[in-house]
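Visitor: What follows is a structure written as structure tokens; I'll ask about it next.
The values are calculated or read from the model by the stated rules, or taken from the named source; none is laboratory data. In this text the structure is predicted, and so the values were computed from the model without any measurement. Quick reminder, even Gly has a Cβ in these numbers, built from the backbone with ideal geometry, and neighbours come from all protein chains shown. Surface areas here come from the heavy atoms of the whole protein model, side chains and all, with no ligands, DNA or RNA. Shrake-Rupley method; radii C 1.70, N 1.55, O 1.52, S 1.80 Å.
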Amino acid sequence: MIVDGYNIVHAWDELKCLVEDNLEGARIKLLDILSNYQAFTKLEVIVVFDAYKVVGNPGSAMKYHNINVVYTKEAETADQYIEKLAHKIGGKYRVTVATSDGLEQLIIRSQGCLLLS
């Protein structure tokens, strides 16, 4: 499962109310929820956050408990990263992408991935 991190944070009412006061707190809450989800389903979970506006950012990847977290590099959006990853692994694995972005949903479906809005 690939999750468009900020898209979900801003679309999920429980997290959206946290964003206004504490974006980091909303991000951590999402990661905790997804970590629990991963433990229950045993699916590999990759959460992608935009960091494209961070000047000089080379991008990074890390583990958060049992899930993978990616921060995109400068000038790369989460959508772009997710599209590339979906194209790369969509034919080999059953991939579900969680996003409520309409255009992203169309692109993801064209890559043969499942969608969770």
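Visitor: Among the residues of segment 55-93, count how many are farther than 20 Å from Ile8 by Cβ and part of a loop (DSSP other than H, G, I, E, B).
Guide: So the count comes out to 10.
Visitor: Is segment 11-18 home to any residue that is surrounded by 19 or more Cβ atoms within 10 Å (Cβ to Cβ) and among the aromatic types (Phe, Trp, Tyr)?
Guide: Checked segment 11-18: no residue is surrounded by 19 or more Cβ atoms within 10 Å (Cβ to Cβ) and among the aromatic types (Phe, Trp, Tyr).
Visitor: Would you mind stating whether Ala61 is open to solvent by 60 Å² or more (accessible area, probe 1.4 Å) and of a type in the set (A, V, I, L, M)? Write out each step before concluding.
Guide: Working: open to solvent by 60 Å² or more (accessible area, probe 1.4 Å): yes; of a type in the set (A, V, I, L, M): yes.
Judged against the criteria, Ala61 is a match.
Visitor: Here is a follow-up. Would you be able to say whether some residue in segment 36-51 is touching a Ser or Thr at 6+ places or on another chain (Cβ under 9 Å), not in a loop (DSSP other than H, G, I, E, B) and not basic (Lys, Arg)?
Guide: The initial filter retains those residues of segment 36-51 that are touching a Ser or Thr at 6+ places or on another chain (Cβ under 9 Å), namely 43, 45, 48-51.
When the remaining residues are screened for being not in a loop (DSSP other than H, G, I, E, B), the result is 48-49.
Add one more test, that the residue is not basic (Lys, Arg), and what stays is 48-49.
Scanning segment 36-51 turns up at least one residue that is touching a Ser or Thr at 6+ places or on another chain (Cβ under 9 Å), not in a loop (DSSP other than H, G, I, E, B) and not basic (Lys, Arg).
Visitor: Within segment 87-117, take every residue that is in contact with a Ser or Thr (Cβ under 9 Å, 6 or more places away or on another chain) and among the aliphatic types (A, V, I, L, M) and give me the one that is nearest to Asp4 (Cα to Cα).
Guide: Within segment 87-117, the match that is nearest to Asp4 (Cα to Cα) is Ala98.
Visitor: Tell me, yes or no, whether segment 27-48 has at least one residue that is out of contact with any His (no Cβ under 9 Å at 6 or more places or on another chain), of a type in the set (Phe, Trp, Tyr) and open to solvent by less than 50 Å² (accessible area, probe 1.4 Å).
Guide: Looking for residues that are out of contact with any His (no Cβ under 9 Å at 6 or more places or on another chain), of a type in the set (Phe, Trp, Tyr) and open to solvent by less than 50 Å² (accessible area, probe 1.4 Å), one finds none in segment 27-48, hence no.
Visitor: Give the number of residues within segment 65-117 that are surrounded by fewer than 20 Cβ atoms within 10 Å (Cβ to Cβ), among the β-branched types (Val, Ile, Thr), closer than 21 Å to Thr41 by Cα and touching a residue at least 12 places away in the same chain (Cβ under 8 Å).
Guide: 1
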